[in-house]
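> My questions will all concern the structure given below.
Each reported figure results from applying straightforward, stated rules to the coordinates on display, with no laboratory input. Remember, it's a predicted structure, so these values are computed and weren't measured experimentally. Neighbour counts are summed over all protein chains in view; Cβ atoms, including those assigned to glycine, are modelled from backbone coordinates with ideal geometry.
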Amino acid sequence: MTRSFLSALVIVSAGVLGLAGCASDGLDARAPEPTVTARLDGQAAVDAMDPKVLAEYESFFAEQNYPEDETSPLTPTTAAQDAFVAEQRAMFTERGWEWNADEQTIALSLAFEGCGVAILNGHAVDAELLRHHVAFSELFAYLIDPEATEDQRRAAEADFSGTLVSGTVHLCPDDGASWSAAWNEVYGETNG
């Protein structure tokens, strides 16, 4: 694999492979990571993937013009990305917040991550996957203040995962409805 997002693939795939080995009776976002009989890390996680899944993953990121230089801010390069960024920018400015390159990079990163996770999970997206992803994603860990109260943390999780969902609706619409249903189950008004 020539893409520099191999590290992201490994992190996401290890989490998805770990989830595949879990019992299906639900995951609490605060629960310790599920125990799996064999944890695959690094290149071993990639090697264990179905080649068709890996090819779909690589194809998605190629179609999205995902930059090989992961240190530069992300900018929209497709019509779907433009529409998603315009939607996010409008939401921000309507709330009186300032939209900038950092906000754009975060939004696009969340969208890419949601689509990538869906692909690696065989497009089987549900509330359990969302809870697991939010709990163990390095991007969510980076974005959410570790000193936040439980209420602040849940609000941040809902906001960032809502951005992820909005991004999937635009960038990988076949998975967007499943992500949206999962979000409604986990964070919807009836859930606190």
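> Filter the trypsin sites (Lys or Arg not before Pro) in the stretch 39-139 to those in DSSP coil with at most 12 other Cβ atoms within 10 Å of their Cβ, and list the result. Present the calculation step by step, with values, prior to reporting the outcome.
Working: sites: R39, K52, R89, R95, R131; in loops: R39, R95.
Hits after loop and neighbour filter: R95.
> Compute the Cα gyration tensor for the stretch 68-192, then decide on rounded, prolate or oblate, letting a ≥ b ≥ c be the square roots of its eigenvalues: rounded whenever a/c is under 1.5, prolate when a/b is larger than b/c in the other cases, and oblate in all that remain.
Numbers: a/c = 1.41, a/b = 1.13, b/c = 1.25.
Since a/c stays below 1.5, the shape of the stretch 68-192 is classed as rounded.
> Taking the Cβ-Cβ separation of T77 and D145 as r and a Förster radius of 35 Å, what is the calculated FRET efficiency to the nearest 0.05?
Once the sixth-power term is evaluated, E becomes 0.70.
> Treat every Asp and Glu Cβ in the stretch 39-192 as -1 and every Lys and Arg Cβ as +1, leave all other atoms uncharged, and give the resulting dipole magnitude about the Cα centre to the nearest 20 debye.
Numbers: 7 positive and 29 negative charges, 43 e Å.
It works out to roughly 200 debye.
> Please work out how much length the chain gains when fully extended from A155 to A55, using 0.36 nm per residue of separation minus the C-alpha to C-alpha distance, in nm with one decimal.
So the extension gain works out to 32.5 nm.
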